[in-house]
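The structure under discussion appears below in the form of structure tokens.
Only the coordinates and a few stated rules stand behind these numbers; no lab work does. This one's a predicted model, so the numbers in the text were calculated from it and none came from an experiment. Here the Cβ positions follow ideal geometry from the backbone for every residue, glycine too, while neighbour counts run over all protein chains shown.
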Amino acid sequence: MKRPIRPGVSSGLPRPTVVLRGFELFRTYLDLAAQAALVGALRGVIRAAPLFSPMTPYGKPMRVRMTSAGRYGWYSDRSGYRYVPRHPGGSPWPPIPPEVLSVWHSVTGLERAPDCCLVNFYDADARMGMHQDRDEADFGFPVVSISLGDDGLFRIGNTTRGGSTQSIWLQSGDVMVMGGAARLAYHGVDRIRPGSSALLPRGGRINLTLRVVD
């Protein structure tokens, strides 16, 4: 059963540190031990479903490498953007780690678990262009984003292309909830600040986004 997204203090949900155009940021929501536990859990995901670079519908490889966990994984090729039940290698996606599901439930208050945990890895030169998350069936459910590793400059736009934007640096351990009026806002990552975190031994940024697909 769905519940109102972020219904207020009486719900027992945590308060966001910053609200920017409806995007709710929980700054350093995860301490270093929790961040390390997530990275450890993700190693198992990546062993089962190795990172890959999807092709855009325009025939160019994405600059971000990715994989997924859950019932579905997000995928892109010349046929378009969509969710698929299997990794490009042919195996089913691994389960979403319980450490990741715990974050989803704690910030949303939802009993409904996400169907997909998209794992994006950004190296020092990677970025993500402005886009909407609109491949899901029901936009009443939020998207929850977890940042691990180096800082990323996150840019927020409007529900239509163009117009003014605002940017904020996301740091390791930050959690963002994109729901309500912000659910279909354009957003992207303009650049990475290399060396800003020691969480990942080889540097880079991991971003997890949790989505209800069906």
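Over the alpha carbons of segment 1-130, what is the largest minus smallest coordinate on each principal axis, giving the biggest first in Å?
Principal axes ranked by extent give 48, 33, 30 Å for the Cα atoms.
Which length gain, in nm to one decimal place, applies between Arg112 and Asp125 when the Cα-Cα distance is subtracted from 0.36 nm times their residue separation? Please list the in-between numbers first.
Working: separation 13, 0.36 × 13 = 4.68 nm, distance 3.57 nm.
Gain on stretching Arg112 to Asp125: 1.1 nm.
Could you grab the relative contact order for segment 31-211? Cα pairs under 8 Å, six or more apart, rounded to a whole percent.
Over segment 31-211, the number comes to 23 percent.
Less than 15 Å Cβ to Cβ from Ile46, Lys/Arg counted +1 and Asp/Glu -1: what total charge do the surrounding residues give?
On the way: positive: Arg43, Arg47, Arg65, Arg202, Arg205; negative: Glu99, Asp123.
My count for the surroundings of Ile46 gives +3.
If you take every residue apart from Ala37 with its C-beta less than 14 Å away from the C-beta of Ala37, what net charge results, scoring Lys and Arg +1 and Asp and Glu -1?
Charge balance in the 14 Å sphere: -1.
Around Ala182, under 10 Å between beta carbons, what's the net of Lys plus Arg minus Asp minus Glu among the other residues?
Value of the local net charge: +1.
Can you list residues from other chains, or at least 5 along the same chain, whose modelled amide H is less than 5 Å from the amide H of Ser196?
Long-range HN contacts for Ser196: Asp151.
Among Tyr81, Tyr58, Gly179, flag the residue with its Cα farthest along the positive direction of the charge dipole of the chain, charges on Cβ as +1 for Lys/Arg and -1 for Asp/Glu.
Tyr58
When the gyration tensor of segment 31-211 is built from Cα positions, what are the square roots of 5 times its three eigenvalues, in whole Å, from largest to smallest? Please report the intermediate quantities before stating the final value.
Numbers: eigenvalues 87, 80, 68 Å².
Here the semi-axes work out to 21, 20, 19 Å.
With labels modelled as points extended 7 Å from the Cα through the Cβ direction, what inter-label distance (nm, one decimal) is found for Met62 paired with Asp214?
A separation of 2.3 nm, rounded to one decimal place.
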